[in-house]
Amino acid sequence: MLIQPVDYFLVAWFILAFACTAYVAIDQYRNNPEPVVMKWGFILVTLYTGPIGLLLYVLADKEPRPGEHEEFIRPLWKQGVGSTIHCVAGDATGIILAAATTAVLGLPMWIDLIVEYLAGFAFGLFIFQSLFMQSMMGGTYWENVRRTFLPELISMNFMMAGMAPVMSFLMMSRDMRAMEPSQLLFWGVMSLGVTAGYALAYPSNVWMVATQLKHGLMTERRPGTRFAHHAAHASHKGRRHHVQSDATRPQLAAVGGVSILALLIGMVAPANWVNLSLSARDVGGVIMPAGMIMDRNTPAEAMRDMAAADPNKITAVHGLAARGDQELPFQMDGGVKVFELSTSVVRWTIPGITVDAYAYNGQIPGPRIHLREGDRVRIHVRNGLPEETTVHWHGLILPNQMDGPADITQEPIPPGGAYVYEFTVEQHGTYLYHPHANPDRTQALGLYGALIIDPARAADDIRADHEYVVQLQEWLKRDGLTYPAMPMDGAHPNYFTINGKAYPATETVRMKVDQTLKIRFIGTHNAFIHPMHVHGGPFQIVAVDGQTLQPSARYLADTVNVGPGQRFDVLWTARRPGKWLVHCHIPHHTSNNNTETRGGGGLMALIEVE
Ligand SMILES: [Cu+2]
């Protein structure tokens, strides 16, 4: 699926590459007196490098006018082009086939590189070089394998020295779809790698042609073919002759030695920066947030943890009108309240932007579970996420196996799996539920909801004329993708929501002078302590973490620090008419990606008092 700008570029690039390849193929066979092996060399290299291959063909090999091919291809730089072409055609084909195979097999990147080198070398030596040399110099196939071993080694070393770092850095960079042969990005990296390999191998090929270790382009005018009658005009009739190279041993040792050095640097140096022990299967084509610190020790699990929610897994799209925190209906089963919760990936409007979120019952926040002290409840949880989950009932006294911590009190619920939680509600007050399987990622992507428990005794109820549940969340939306926001480099949030909406889309509480409002602040978010502030005079803090404070312990304040997992029930009285703000006092959290709309953004809502 096309989910990043580079994807559109790659589609255009490959269309162009196929068009260039078609042109080179047709022109080579129709109009150009090259031997077959060389024709195929240009066709393959054009397939891998698109317009660059076409350029090389037209400038160095395409016969400009009938009968001029022999003269046209004679300059050393063109012979160098041809020599590099038939090296790269074989080497790159071997490397690309090996890369696709090792990716599918799930081998680590460093083994990939070694297999690719061997495959590229074998392909180049046994197919392109030897066949080419045989067609040019005659002799047996194995004589030519022996004769071409050293030139092939030098050329392949430089080729891989250019291609290996391109593959290592780009495959193990932010967008790891580059490791998946099923993705266009993989083929884009291969194309860029072949181009880099060609550029690095070219100078050594020019030298090898100059010293007659290799030959580059040729003209083949077989009698009976359409090119034959031009042969008479050509001043140079073919080059089928055996030449002894004039390269000296010290020269060969120096060039060979430098090629080996370049190869080692190209293969090994990237390991200083990227983790070459990972395989395509380990990282699964995930995309990392920009600016995230990834080093040579970053494990695949850490990458998967920080990766963007996969837009391909979205099952529903919700517009601005959709609201979360809807009270969850239940069915009675012999005195047990039975609830249904299911997780899935949805696209949710904040607004202004959408986030690709993990949701309970398709809502952000998840549906409100409204219970009564003494209730027996059963909650069926179905997991529609592409990863494991569990549910933790934050703050509740319940049997240990109902508590939710994955791998501690229960097996995590696998994708497609289910689990049943059942317990008796012994408390009352403001609570929350959230996943306890990798909450670092899954809660940050939207899995949380309010648990509101009414007291059994009316005397325990602290009533107000209006009630407002405030669930906080931090989001990181960048490059069209939603990453789980985390308090770490590259993962800091840039959007903030109250009940799944950022100001000015947050709801407005409407009340009259002298009426009271009970705000239940819930720390459903993961990273920050949000100092939640109400304008228009102080509120009274009446309950903390679901525990009602004794009247003597209640106190007035106008700002309360709401950390992850904390709850504060506060009573606020409308003293004066007007528009009074509820907002976080970290001003960055009242902006939407550093912009303000109608006086703010993010963690901000209005109380309108008449
Ligand atoms: Cu804040």
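The values are calculated or read from the model by the stated rules, or taken from the named source; none is laboratory data. Quantities reported herein were computed from a predicted structural model and do not represent experimental measurements. Here the Cβ positions follow ideal geometry from the backbone for every residue, glycine too, while neighbour counts run over all protein chains shown.
Observations on the structure shown:
- Single residue of PRO165, PRO203, PRO181 found to be surrounded by fewer than 24 Cβ atoms within 10 Å (Cβ to Cβ), under 28 Å from the mean Cα position of the chain (by Cα), within 23 Å of LEU56 (Cβ to Cβ) and not aliphatic (A, V, I, L, M): PRO165
- Those residues of the stretch 324-352 which are farther than 20 Å from THR442 by Cβ, assigned to a strand (DSSP E or B), touching a residue at least 12 places away in the same chain (Cβ under 8 Å) and more than 29 Å from the chain's Cα centre (by Cα), in sequence order: GLU327, ASP333, VAL336, LYS337, VAL338
Results for (1) over 41 Å from the mean Cα position of the chain (by Cα); (2) outside any loop (DSSP other than H, G, I, E, B); (3) touching a residue at least 24 places away in the same chain (Cβ under 8 Å); (4) crowded, with 16+ Cβ neighbours inside 10 Å, shown as yes or no for each residue.
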| residue | (1), (2), (3), (4) |
| --- | --- |
| MET1 | no, no, yes, no |
| PHE18 | no, yes, yes, no |
| PHE42 | no, yes, yes, yes |
| TYR57 | no, yes, yes, yes |
| ARG65 | yes, no, no, no |
| GLN79 | yes, yes, yes, yes |
| SER83 | no, yes, yes, yes |
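- Among the residues making up the stretch 423-442, those that are within 13 Å of THR390 (Cα to Cα) and buried (at least 23 other Cβ atoms within 10 Å of the Cβ) are TYR433, HIS434, PRO435, HIS436, ALA437, THR442.
- Filtering the stretch 335-354 to residues that are closer than 14 Å to ILE498 by Cα, at pLDDT 95 or above and surrounded by 21 or more Cβ atoms within 10 Å (Cβ to Cβ) leaves only TRP348.
- Count of the stretch 459-507 residues which are of a type in the set (Ser, Thr, Tyr), more than 13 Å from the ligand (Cβ to nearest atom) and under 28 Å from ASP569 (Cβ atoms): 2
- Tally of residues being out of contact with any Asp or Glu (no Cβ under 7 Å at 6 or more places or on another chain), part of a loop (DSSP other than H, G, I, E, B) and of a type in the set (Val, Ile, Thr) across the stretch 300-320: 1
- Close pairs from the stretch 576-592: first within 15 Å of PHE521 (Cβ to Cβ) and among the β-branched types (Val, Ile, Thr), partner within 8 Å of the ligand (Cβ to nearest atom) and not in a strand (DSSP E or B), Cβ under 8 Å, at least 6 apart: ILE586/PHE528
- Of all residue pairs spaced 6 or more apart or on separate chains, those with beta-carbon atoms under 7 Å, a first member in the stretch 286-308 that is among the basic types (Lys, Arg) and a second member that is part of a loop (DSSP other than H, G, I, E, B) and surrounded by 17 or more Cβ atoms within 10 Å (Cβ to Cβ) are ARG296/VAL274; ARG296/ASN275; ARG304/GLY284; ARG304/VAL286.
- The single residue among ILE287, ILE314 that is closer than 23 Å to ALA100 by Cα and crowded, with 16+ Cβ neighbours inside 10 Å turns out to be ILE287.
Each row is one residue, and each column tells you yes or no for (1) at pLDDT below 95; (2) more than 16 Å from the ligand (Cβ to nearest atom); (3) surrounded by 18 or more Cβ atoms within 10 Å (Cβ to Cβ).
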site: THR516; (1), (2), (3): no, yes, no
site: ARG520; (1), (2), (3): no, yes, yes
site: MET532; (1), (2), (3): no, no, yes
site: PRO538; (1), (2), (3): no, yes, no
site: GLY565; (1), (2), (3): no, no, no
site: ALA574; (1), (2), (3): no, yes, yes
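- For the stretch 457-471, the set of residues classified as surrounded by 16 or more Cβ atoms within 10 Å (Cβ to Cβ) and closer than 22 Å to GLN550 by Cβ consists of ILE462, ALA464, listed by residue number.
- Conditions (1) within 22 Å of ARG147 (Cβ to Cβ); (2) buried (at least 18 other Cβ atoms within 10 Å of the Cβ); (3) not aromatic (Phe, Trp, Tyr): number failed by THR102: (1)
- Residue list for the stretch 587-610, restricted to those being within 12 Å of the ligand (Cβ to nearest atom) and either at pLDDT below 95 or part of a loop (DSSP other than H, G, I, E, B) (or both): SER591, GLY601, LEU603
- Odd one out for THR559 among (1) over 30 Å from GLU426 (Cα atoms); (2) of a type in the set (S, T, N, Q); (3) away from the ligand (no atom under 15 Å from the Cβ); (4) more than 32 Å from the chain's Cα centre (by Cα): (3)
- Only a single criterion out of (1) within 11 Å of the ligand (Cβ to nearest atom); (2) loosely packed, with under 14 Cβ neighbours inside 10 Å is not satisfied by CYS584, namely (2).
- Flag if THR506 is of a type in the set (Ser, Thr, Tyr), surrounded by fewer than 22 Cβ atoms within 10 Å (Cβ to Cβ) and within 30 Å of GLU610 (Cα to Cα): no
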